[in-house]
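The values are calculated or read from the model by the stated rules, or taken from the named source; none is laboratory data. Because the structure is predicted, anything quoted here is derived from the model rather than measured. Don't worry about glycine lacking a Cβ; one is built from the backbone with ideal geometry, like all the others, and counts go over all protein chains shown.
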Amino acid sequence: MIAENLPRKRSSLPSAMLCASLTVVLMLTFAATPQALAQNTIGGHVGFVLPLVTHAGGDTTTIADNFAIGFPMGVTFKGKGRMAFDMEFVPSIQDDPRQVSLLVHPGLIWSVGRGYSVGMRAAFDVNSSQFGFTPLLNKSWKFANQDQFFKSYFAEAVLPVRFNRPTGGPDTNPVTFGIHFGLGF
């Protein structure tokens, strides 16, 4: 009876051996696994965009009526296929009313051959009531010397569609046609 009430002392040796064996097996398994070679490339672009014509709230304006310019810069992640993910940020300056804004512009771009690409971007205007999407058509030309930092230059037609929902104001929902010029790396 006395022996039954005494706590039994467990040996930690079997659990330590089990843990060590498991560690060795896992290390050997991972060491024997062939290394996966990434087929992804990372690139990017810088440039400027000019909104040429905008229709908003029943009015149409041109770049001559209200000058604005954006400076897109993006990072592109491309896999083995034709599709790439491009994360773009566009600081912009507008003349009337004078304001500076930032657009977060992630999107998917598909290469369709011969230097042409089509894409669709989501659009989130920081500190604004505007959001939307931007379809695009891109044509790029490679530089002859591929050893330099910039690998190509491009022109891109963009059609930003925005949903403007200001608090206490009218919904204007602007649609713009613009041209984006830049350098790819």
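What residue, among those in region 135-146 that are closer than 19 Å to V46 by Cβ and not hydroxyl-bearing (S, T, Y), is surrounded by the most Cβ atoms within 10 Å (Cβ to Cβ)?
Looking only at region 135-146, we keep the residues that are closer than 19 Å to V46 by Cβ, and these are 136, 138-143, 145-146.
Among the residues that remain, those that are also not hydroxyl-bearing (S, T, Y) are: 136, 138-139, 141-143, 145-146.
On the way: L136: 19, N138: 22, K139: 13, W141: 11, K142: 11, F143: 13, N145: 8, Q146: 9.
In this case the residue turns out to be N138.
With the condition kept exactly as written, say whether any residue in region 136-159 is aliphatic (A, V, I, L, M), more than 19 Å from the chain's Cα centre (by Cα) and within 23 Å of T172 (Cβ to Cβ).
So far as region 136-159 goes, no, none of its residues is aliphatic (A, V, I, L, M), more than 19 Å from the chain's Cα centre (by Cα) and within 23 Å of T172 (Cβ to Cβ).
Name every residue in region 147-178 that is of a type in the set (K, R) and surrounded by 15 or more Cβ atoms within 10 Å (Cβ to Cβ), in order of residue number. Walk me through it before giving the result.
So the first thing to find is which residues in region 147-178 are of a type in the set (K, R), and the list is 151, 162, 165.
Scanning region 147-178 gives K151, R162.
Quick check on G132: is it surrounded by fewer than 17 Cβ atoms within 10 Å (Cβ to Cβ) and either aliphatic (A, V, I, L, M) or farther than 23 Å from L183 by Cβ (or both)?
On the way: surrounded by fewer than 17 Cβ atoms within 10 Å (Cβ to Cβ): no; either aliphatic (A, V, I, L, M) or farther than 23 Å from L183 by Cβ (or both): yes.
The answer is no for G132.
Collect the residues in region 85-119 that are in contact with a His (Cβ under 9 Å, 6 or more places away or on another chain) and among the β-branched types (V, I, T), keeping them in residue-number order.
Step one: of region 85-119, the residues in contact with a His (Cβ under 9 Å, 6 or more places away or on another chain) are 86-90.
Residue satisfying the conditions is V90 alone.
For region 147-166, how many residues meet the condition of being of a type in the set (K, R) and either at pLDDT below 95 or farther than 17 Å from H45 by Cβ (or both)? Don't jump to the end; show me each part of the working.
So the first thing to find is which residues in region 147-166 are of a type in the set (K, R), and the list is 151, 162, 165.
Of the ones still in play, those that are also either at pLDDT below 95 or farther than 17 Å from H45 by Cβ (or both) are 162, 165.
Total satisfying the criteria: 2.
Here's the yes/no breakdown for (1) polar (S, T, N, Q); (2) at pLDDT 55 or above; (3) under 29 Å from V118 (Cα atoms); (4) surrounded by 11 or more Cβ atoms within 10 Å (Cβ to Cβ):
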position	(1), (2), (3), (4)
L13	no, no, no, no
V25	no, yes, no, no
Q35	yes, no, no, no
A38	no, no, yes, no
L50	no, yes, yes, yes
I63	no, yes, yes, yes
A68	no, yes, yes, yes
F89	no, yes, yes, yes
I93	no, yes, yes, yes
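Being among the small types (G, A, S) and under 16 Å from A84 (Cα atoms) is the filter here; which residues of region 116-151 pass it? Step through it out loud before you land on a result.
Within region 116-151, the subset among the small types (G, A, S) is 117, 119, 122-123, 128-129, 132, 140, 144.
If the condition is that a residue be among the small types (G, A, S) and under 16 Å from A84 (Cα atoms), then S117, G119, A122, S140 are the ones that fit.
So is L103 without any contact (Cβ under 8 Å) to a residue 40 or more places away in the chain and surrounded by 13 or more Cβ atoms within 10 Å (Cβ to Cβ) or not?
Working: without any contact (Cβ under 8 Å) to a residue 40 or more places away in the chain: yes; surrounded by 13 or more Cβ atoms within 10 Å (Cβ to Cβ): yes.
Spelling it out, L103 is indeed without any contact (Cβ under 8 Å) to a residue 40 or more places away in the chain and surrounded by 13 or more Cβ atoms within 10 Å (Cβ to Cβ).
Given the options G169, G178, G132, G113, name the one that is within 21 Å of N40 (Cα to Cα) and of a type in the set (G, A, S).
Numbers: G169 fails: within 21 Å of N40 (Cα to Cα); G178 fails: within 21 Å of N40 (Cα to Cα); G132 fails: within 21 Å of N40 (Cα to Cα).
Every option except G113 fails the conditions.
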